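Readers should treat all values here as calculations from the given coordinates under stated rules, not as data from a laboratory. Everything numeric here is computed off the predicted structure, so don't read it as measured data. Quick reminder, even Gly has a Cβ in these numbers, built from the backbone with ideal geometry, and neighbours come from all protein chains shown.
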Amino acid sequence: MDSKKQNKIAIGTLYGIAGLVVLILLALLGYILASGLPQLSWHFLTAPAKAFLKGGGVGVQLFNSFYLLILAMAISFPIALGAAIYLYEYARDNWITTTIRTAIEILSSLPSVVVGLFGFLFFVVKLRLGFSILSGAFALTFFNLPLLTRSIEDSLRTIDLEQREGGLALGLSRWETITRVILPAAVPSILTGVILSAGRVFGEAAALIYTAGQSAPALNFADWNPFNISSPLNPMRPAETLAVHIWKINSEGIMPDAKAISSGSSAVLIIAILLFNFAARYVGKRLYKRLTSA
Amino acid sequence: MKTKTTQQLEQQLKRHSKAAKLEIWGRTISLTALLLIVAVVVAIIGFVASKGIATFTSNHVNLGDFLTGKSWNPNITDANGKPEVGALPMIVGSFLITILSAIVATPFAIGTAVFMNEISPNKGAKILQPVTELLVGIPSVVYGFIGLSVVVPTTRAIFGGSGFGILSGTCVLFVMILPTVTSMSADALKSVPRYYREASLALGATQWQTIYKVVLRAATPGLMTAVVFGMARAFGEALAVQMVIGNAALMPNSLVSPSSTLTSVLTTGIGNTVMGSLQNNALWSLALVLLLMSLVFNLIIRLIGRKGRLQ
Amino acid sequence: MSKKRWWQGLGLLIVVVLGVYAYQTRQVSHAGESITAVGSTALQPLVEAAGEQYTGEHLGTFINVQGGGTGTGLSQIQEGAVQIGNSDLFAGEQKGIQAADLVDHRVAVVGITPIVNRKVGVTNLSTAQLIRVFTGKVTNWKQVGGADLPVVLINRAQGSGTRATFEQFGLAKHRSKTAQEQDSSGMVRSIVATTPGAISYVAFSYVDKTVQDLSLDHVSPTEDNVTTNRWKIWSYEHLYTKGQPTGLTKKFIAYVESPAVQKTLVRQLGYLSPSQMMVERDAAGKITPMGGA
C-alpha cells in the first residue's frame, strides 16, 4: 500500500501548491484593489488628466486603452490565426517550419522597448505616421503576434486527430474541415489565448511610449467623425494609454496626488481586464454553442 | 461530335470544384499570414542585428572585450583609449535571474496546472483560470511598484544589504511569469488524450502514478514550451526588474547585492543616447546578445523536449 | 447564401457612405498647422501644458509633445524628423550631436539638489564630503556625522541631463562610483524615501516631505541661491530647433519665452525663469553676470 500513501501525499502537496498560488495571486489583487479602489470616483474615470495640478482623471487614457486594444487585436488576430492554421494544419514538419517556430519564439523574448523603438523608427519616422494610435497599434501587433500565434497553434493541437479524419472522411476539403470542424471546437481554447494576450496588450507600456506617445490631448466625446483631430475615433492622434499613464506619473509626475492617481489607475486597469475577461467568456460560450450546435 | 463531348467532359472534370477553390484560397490566405509574420520577425531581428553589430564594425570594439569586460561606461574611454563596454555583469545578471525565477516558478506552475486539469477541474476552471488570466494583464510597472514597496524591504529585513538585487528580482519575476507558465502548462496537459489516463488507471495505477508516469511524460514537450515562454518573458522583462534589481552594472557577488540585467540597462539608457553614436550602438549590442541568448535557450529546451517525449 | 451576400453588400455600402460623409464634413479648420516636440521627460510637462494653452488660444494649430529622453530629442531634431527637440543638456555636451546645426532656446532653469533618506540624519555636507560620498570613500553615514547606516548610492542613468549637471557642478567633475541607476526622478525619489541610507539627487520640484534635501557648505538649495549662483548645481532646459525656427514653431517658442508662460507655468512647475537669473552660464560652464556687466 506504499503507492497509495504516496498518492495521498502527492495529491495533498498539489492541493497545497494550488492553494499557495491562489493565495499569492489574491494577495496581489487585494493589494492593488485595496490601495486603488478608494481613489475611484465618476470624476476620476471621466475627467481628463492634469499636467501638474491635483484632481486629474484618466477618462481619455481609459478610452485610448480600449480603442488601441481593439485596433491592435483587429490587426493581429486574423494574421495570427492564419499563420497558426498554416503552421499546424498545412506546413510539413521539416527544418523550415522548425526555424520559423524558433524565430517566432525568439521574437517574443525581445524586451518590448526594442519593439517600441523599432516601431518608432519605422512607423513614426519612416512611414510618417507620427505619434499616433495607428503606429501604436502596429507596434502592439508586432509585440503580440508571436504570443498569439503560438497560443492559437496550441489550441489547434488540443483538437483530436479523429475530428480531422472525420471531416475528411465526410468528403470535406481540408480547409472546410478546419473552418467547419476544427475551429469551432477550438473556440474556447483560442479565446483563452486571446484574453491572455489582450491582457498583456492592455498592460503594455514600453512598446507604446515611443509609438502611440505619452501625451493625451483632450477629446471631444460629442464628435465621432474619425477625420477630426479631437474625435475619439481618429486613429492619427497621439494617445497615451492607461498603462503608459501609470508609468509616466510614476517616473516624472509632479502632481501632488501622483501616488493616488497611480494606484487608482492600476485598480481601473485590473477591473477593466476583469470585465473584459467576463465579456469574452460570455461571447465565447455563445459562439461555441452556435458553431458546434451543441 | 464525339470528340467535343469528351473535351467538355474533360474540362468539367479538370475544373476545380467549389470546395477545391476554397481550399486553395484558404491555403493561400493562411500562408500569406505566416509569411507576414516571418517578414516581421526577419525585419526586427535584422534591425537589431545591424544596429548591434555596428559596435564592432564601425566603432571597432573588440568582441572579446565586450563579452568578458566587467565595466560598463560607454561614455568613458579607458587608459588605452578604448570605450569601456564590458557586458559581462549584465549577461551574468540576466542568466541568473532568468534561471532562478524559472526554477522557482516551474514546480508551482506545473503543480497548479495539474491541480486545475487532473485533480479538481471544477475549482480550476472557476477560480484558478480567471485569476491567472487576470494577472497577466497587470502592467509591469505595477509589479515593480509592489516589488519596491513589499519585496525589497522584506529582503532587506531578512538578508541585510539594501534589499535591491537578484533575489528581489527573482521574487518579482516568479510572480510575473507564474500565470503565463501555468496557463500554458494547463493547455499542454489538456492536449494529452483522455485514453492515456484511462488506460493507466485501468492498469491499477494510482492517480499520482498516472499523473507522474503518464500525463506529465506525455505532456513534456508542451510543458517545456511553457517554461521557455516563461523564461522568455523573464528574459525580456524590463520595467519591473529594473525597479527592484538595483540596476548597477556590477558583477553580482551575492544574491542581495545590486546588479543589473541586459534589459534593465537597455531600457534605462536608450532614451539618453543619440542614434548612431557608440553609446547607442552598445545598447543595441545588448539587445543582440539578448536575442542570441534566447536562441540558445530555445535550442537547449528543444533538445530536452525531444529526449523526454514518450516513446 | 445570396441573402447573406446581399446583407454584406448593404453593410459595406453603409460603411462607405458614412466614411465619405464623415470625410466631407470634417472640420477643415482643425487640419491646419501642427508641430511635434520630442525629448526630455523632465521638460515634457512644461511644454505640454504650454502647448495646450497655446492651441486653446489659437484654433487650428496642434502641438504634439512627447517624451522619449534627451538623447532621442536631440537625435530626432538633428535628423529633422521633428520640429522641436527638448533637452536637459547643451547639445554640445551630448555625444554624437553636431551642435552647430542646432539653435538653442533656453526656456527654463532647473535647480538640482542632493536628497537623502530621512533616517540618515544629515542635513548639510561640504562639497568635499559630497564628493567622498559619491566616489565611494565614505561608506557609512557616521563618517560624516550621521546615523550608523551604510551609504546606498543611487544614480541617474548614464547620459541623463540631471546626472551630467550634478557630476559637473556638484561633484566638481568627479565621476560617481558605479552604483544603482534609475532612469527617472520619480523612481529615484521613491527609492530614496524607502531605502535607509540612500542618497541621490533630483530637481527642486521633486523634493517633498518623504525625502531630506541637503545643504552644501551651508548654502541651502533655494531658488534665490540659484539666481545668484551661490547654489551651483543648476542647468538650463532647452528647446532646440534645426536652423532658425519658422511658422508655428517660431510662434510657439516665442510664446513659451513670453511672460505669459514664464511668469505662470514655468513657476508653477517648479522651474525658474531665465529672466530671474542674475548670472548666465555657457556650454563650457563659464559664468558671466547678466546685464552685459
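Quick rundown of the values:
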read-out	value
Highest-MSF residue in chain C out of C:Gln268, C:Gln44, C:Gln212 [GNM, Cα springs under 10 Å]	C:Gln268
Degrees separating the helix B:220-236 axis from the principal Cα axis of chain B, which is the longest one	40 degrees
For segment C:201-264 versus segment A:2-79, the gap between their alpha-carbon centres in whole angstrom	39 Å
Sequence-distant residues sharing a close amide H with C:Ile115 (under 5 Å, placed H)	C:Ser200, C:Tyr201, C:Val202
Spatially proximal aspartates and glutamates relative to A:Lys8 (Cα-Cα < 20 Å; intrachain offsets below 8 disregarded)	B:Glu118, B:Glu198
Cα-based helix-to-principal-axis angle, A:183-203 vs chain A, degrees rounded to 10	30 degrees
Chain B: relative contact order as a whole-number percent, Cα under 8 Å and 6+ apart	24 percent
Out-of-range pairs (alpha-carbon distance over 32 Å; input C:Lys142/C:Lys286; B:Lys70/C:Lys137; A:Lys289/B:Lys190; C:Lys95/C:Lys251; B:Lys82/C:Lys119)	C:Lys142/C:Lys286; B:Lys82/C:Lys119
Fraction of antiparallel bridges per DSSP, the protein assembly as shown only, in percent to nearest 5	60 percent
Residue exposure sequence - C:Asp208, C:Asp213 - by fewest surrounding Cβ within 10 Å	C:Asp208, C:Asp213
Karplus 3J(HN,Hα) series, Hz, for segment A:97-105 with 6.51 cos²θ - 1.76 cosθ + 1.60 (x for Gly, Pro)	4, 4, 4, 4, 4, 4, 4, 5, 5
Choice from A:Val113, A:Val22, A:Val60 showing the highest fluctuation, given a GNM over chain A with Cα pairs closer than 10 Å	A:Val22
Using θ = phi - 60° and Karplus 6.51 cos²θ - 1.76 cosθ + 1.60, couplings along segment C:223-230 (whole Hz; Gly, Pro as x)	5, 4, 5, 5, 4, 9, 6, 5
Amide H partners (placed H, <5 Å) of A:Ser215, local residues excluded	A:Ala239, A:Glu240
Phi to ³J(HN,Hα) by Karplus 6.51 cos²θ - 1.76 cosθ + 1.60 over segment B:265-278, Hz, x for Gly, Pro	5, 4, 5, 5, x, 5, x, 9, 10, 9, 3, x, 7, 4
Between 0 and 90°, nearest 10: helix C:247-257 axis offset from chain C longest Cα axis	30 degrees
Long-range HN-HN contacts of C:Gly285 with modeled amide H, under 5 Å	none
Top of B:Ile29, B:Ile97, B:Ile146 by mean-square fluctuation, Gaussian network on chain B, Cα under 10 Å	B:Ile29
